[in-house]
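First the structure, in the form of structure tokens, and then the observations on it.
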Amino acid sequence: MKRLLLTILFAPLSLVGFAQNDRTETPYQTKTFSGNLTNLRVETSGGGITVAGSSRADVLVELYVKPNNYRDNLSKQEIDERLKEYDIVMRTDGNTVVATAKRKNGNSMDWRRSLNISFRIAAPRSMATDLETSGGGIQLSHLTGRQTFHTSGGGLDLTDLTGDLKGRTSGGGIHLVDCRAERSSEKIDLETSGGSIDATNATGLIRLETSGGSIRLRNLNGKINAETSGGGVSGDGITGELITGTSGGSIRLTNIAGSVEANTSAGSLSLQLTKLGDYVRLSTSAGSVNVQMPLNKGMDVNLSGNRVSMPLTNFDGVSGKDRIKGKLNGGGIPVAISASSGSVSVNQ
């Protein structure tokens, strides 16, 4: 037990140490751009992209180069030679800073000789971005405005962003913290085909989707749609409207205030509702449903399962072992809960 505890405690420290060591590396090339710069376009086929906003007025672009095969220990001369197979661009185009690293047209370089080329950019906080990489993760922090980003080979790490966010990854998880879509025209839209999603302290219109991992939601406010085909869903401290579903796990939601729609095809469903919204719609095909919720509002109740239980004070309708349907407190908010092969329990 002590050994396990030490492992858990030191794992985050190891990750932090790795990040700090990585940041102390010397960039291969550095350029600074000034002027009326509002947009950033970055593309690389073999490395990560990091963009951090700050109070600075200029844009600092750092280029980092490593061998793609990390067992190689290349000299600067060897890296210079391999870079001849790439087109490296670091320049401005109008109000846009452009940083790209691509293999030259028609080049069939042996992948074992290819390079890991990453960009790290420090920019004004109001910088909008358009980022793409096929071989690394993307990190964005402390920015406002429209951010568009895509990677086929890494995770998305997003911190303190305000505005319209659209991100895709086919090969990693998504970590979102302290992000906001404040205007009606803005949306946080994130999708992965190969990892889990962790979203904390976010507000606005939010869409999260994964085909290969779990979803964890904490302290969200707004209209949230979170779907997964390959894991469970957990949520705590959500206000507004939550629509969530999974085909591969259970759903556990606590401290929810507002409208809820949740469904699972492969597990149980647990909901703690502190305040009713416009509706409650819950369903499972392979487990039971357990709900704790206020019963002081008017509701149109429709519960079904192999066994159903719920307090029925001031109720007008029909109730039986496997079905309760009718009006509670005169009717009003639709509450539909079903379990195809399990029980349904409300405030029991």
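The values are calculated or read from the model by the stated rules, or taken from the named source; none is laboratory data. Note that the structure is predicted; figures quoted are calculated from it, not measured. Positions of Cβ are backbone-derived with ideal geometry, glycine not excepted, and every protein chain shown enters the neighbour counts. Please note that ligands, DNA and RNA were not included when accessible areas were found on the heavy atoms of the full protein model with its side chains. Shrake-Rupley method; radii C 1.70, N 1.55, O 1.52, S 1.80 Å.
Summary of computed values
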quantity: Residue 31-residue 78 pseudo-label distance in nm [points 7 Å out on the Cα-to-Cβ vector]; calculated: 2.8
quantity: Residues of the stretch 230-255 with amide N under 13 Å of a point placed 7 Å along Cα→Cβ from residue 218; calculated: 234-238
quantity: Distance between the stretch 251-313 and the stretch 221-248 - C-alpha centres, whole angstrom; calculated: 14
quantity: Unit Cα scatterers, Debye sum, the stretch 197-338: log10 I(q)/I(0) for q = 0.09 Å⁻¹; calculated: -0.26
quantity: Angle between the chain longest axis and helix 2-23 axis [Cα atoms, degrees, rounded to 10]; calculated: 40
quantity: Global geometry of the stretch 170-260, whether rounded, prolate or oblate, following the gyration tensor of its Cα atoms and the 1.5 cut on a/c; calculated: oblate
quantity: Overall Cα dimensions of the stretch 233-311, principal axis frame, Å, largest first; calculated: 32, 27, 15
quantity: Packing-based order for 311-324, 263-276, using average beta carbon neighbours within 10 Å, highest first; calculated: 263-276, 311-324
quantity: Projected label distance in nm at residue 207 and residue 178, using a 7 Å step from Cα toward the beta-carbon; calculated: 2.7
quantity: Full-stretch length increase - residue 236, residue 130 - with 0.36 nm per residue and alpha-carbon distance subtracted; calculated: 34.9 nm
quantity: Net charge over other residues, Cβ less than 10 angstrom from the Cβ of residue 336 (K, R count +1; D, E count -1); calculated: 0
quantity: Within the chain, helix-based [θ] at 222 nm, where runs of 4 or more DSSP H residues each add -39,500 (n - 2.57), nearest 500; calculated: -3000 deg cm²/dmol
quantity: Carbon/sulfur fraction of accessible area - the chain, other protein chains in place, 1.4 Å, %; calculated: 47
quantity: Where the stretch 228-286 is the region considered: accessible area per residue in Å², 1.4 Å probe; calculated: 34
quantity: Ellipsoid equivalent to the chain - semi-axes via the Cα gyration tensor, in Å; calculated: 49, 22, 16
quantity: Inter-label distance, nm, simple model (7 Å from Cα along the C-beta direction), residue 336/residue 89; calculated: 5.2
quantity: Cα gyration tensor of the stretch 265-348 - equivalent ellipsoid semi-axes, whole Å, descending; calculated: 20, 14, 10
